[in-house]
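Visitor: Please find one structure pasted underneath; my questions will follow.
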Amino acid sequence: MTKEKISFHDLFYTFLIGCIFGWIIEGIWTFIKKGTIINHTALVIGPFNLIYGLGSIVLTLVLYRLKNKNNFEIFCISFATGSILEYFLSYLMEVTFGFVAWNYKRKPFNINGRICLLYSIFWGVLGIVWIKLIYPKVKKLISKFKKKESTIFMKLMIVFLIFDSILTLCAINRGKEYEQNIPPSNKFEEILDEYFGVDYLNNMFNNRWNRK
């Protein structure tokens, strides 16, 4: 039997859908929990929660061949996969930006505040729900896209996301300078201060801007 492969086209749209739905879910959860609206994105423009986008790709690649396995096996693999991914992203964010968007040090059974048992269990359950219920619907939706138009849109979105990522890095760098009382040196930095300043970044990064 030939193993079914997942194309880059399908993976990209899985990533994009995961980013957007992750942003919606995080926003609703935060509003219910804290009664406030937080812009849970990782990029300064657009509703893109990259953690969920990456999570959707990783879970799909890891679990797709296991979709017919029993739920306990899928849970264990998702538990481990999600925990490793979350730990790695937390570490990468701290090394790259000097802060992290989440800290679980107050939660029991945590490892360096980067992951904890509760959210690792969440990853395990999410893996089952994702590969058994959500991904089949996502895959069916993507299969209805017109190949030519969706490919063009995909290429445009890749260019936009690269631009958005560069802009985000510039905003973070400028935000650090702002907090050191360094004035803007050009018009571009003035625009960053006005539209993507530290208040915007603080809201974007779960009120943990510049905090370890």
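Visitor: Could you grab me the full set of residues in the stretch 147-173 that are basic (Lys, Arg) and modelled with pLDDT under 95?
Guide: Lys147
Visitor: Out of (1) within 22 Å of Ile51 (Cβ to Cβ); (2) free of Cβ contacts under 8 Å to residues at least 24 places away in the same chain, what's the single condition that is false for Phe188?
Guide: Among (1) within 22 Å of Ile51 (Cβ to Cβ); (2) free of Cβ contacts under 8 Å to residues at least 24 places away in the same chain, the lone unmet condition for Phe188 is (1).
Visitor: To continue, here is another question. If Leu201 passes every condition in (1) touching a strand residue (DSSP E or B) at 6+ places or on another chain (Cβ under 8 Å); (2) modelled with pLDDT under 95 but one, which one does it miss?
Guide: (1)
Residues checked against (1) within 18 Å of Ile162 (Cα to Cα); (2) exposed (fewer than 13 other Cβ atoms within 10 Å of the Cβ):
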position: His9; (1), (2): yes, no
position: Trp29; (1), (2): no, yes
position: Lys33; (1), (2): no, yes
position: Ile38; (1), (2): no, no
position: Gly53; (1), (2): yes, no
position: Arg65; (1), (2): no, yes
position: Asn68; (1), (2): no, yes
position: Ser83; (1), (2): no, no
position: Leu89; (1), (2): no, no
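Visitor: Another question about this same structure. Those residues that are part of a loop (DSSP other than H, G, I, E, B), within 25 Å of Tyr195 (Cβ to Cβ) and at pLDDT 85 or above, I need them from the stretch 1-57; list them, please.
Guide: Listed by number, the residues that qualify are Thr41, Ala42, Leu43, Val44, Ile45, Gly46, Pro47, Phe48, Asn49.
Visitor: Just to be sure, is Asn181 loosely packed, with under 13 Cβ neighbours inside 10 Å, at positive phi and free of Cβ contacts under 8 Å to residues at least 12 places away in the same chain?
Guide: Yes.
Visitor: Another one. Within the stretch 14-25, work out how many residues are within 15 Å of Asn206 (Cβ to Cβ) and either free of Cβ contacts under 8 Å to residues at least 24 places away in the same chain or under 10 Å from the mean Cα position of the chain (by Cα) (or both).
Guide: 2
Visitor: Kindly indicate whether Ile142 is over 28 Å from Val62 (Cα atoms), surrounded by 15 or more Cβ atoms within 10 Å (Cβ to Cβ) and of a type in the set (A, V, I, L, M, F, W, C).
Guide: So Ile142 fails the test.
Visitor: Could you figure out which of (1) assigned to a helix (DSSP H, G or I); (2) in contact with a Cys (Cβ under 6 Å, 6 or more places away or on another chain); (3) farther than 16 Å from Ile17 by Cα; (4) not acidic (Asp, Glu) isn't true of Ser83?
Guide: (2)
The values are calculated or read from the model by the stated rules, or taken from the named source; none is laboratory data. In this text the structure is predicted, and so the values were computed from the model without any measurement. Here the Cβ is made from the backbone with ideal geometry for all residues, glycine too, and neighbour counts use every protein chain on show.
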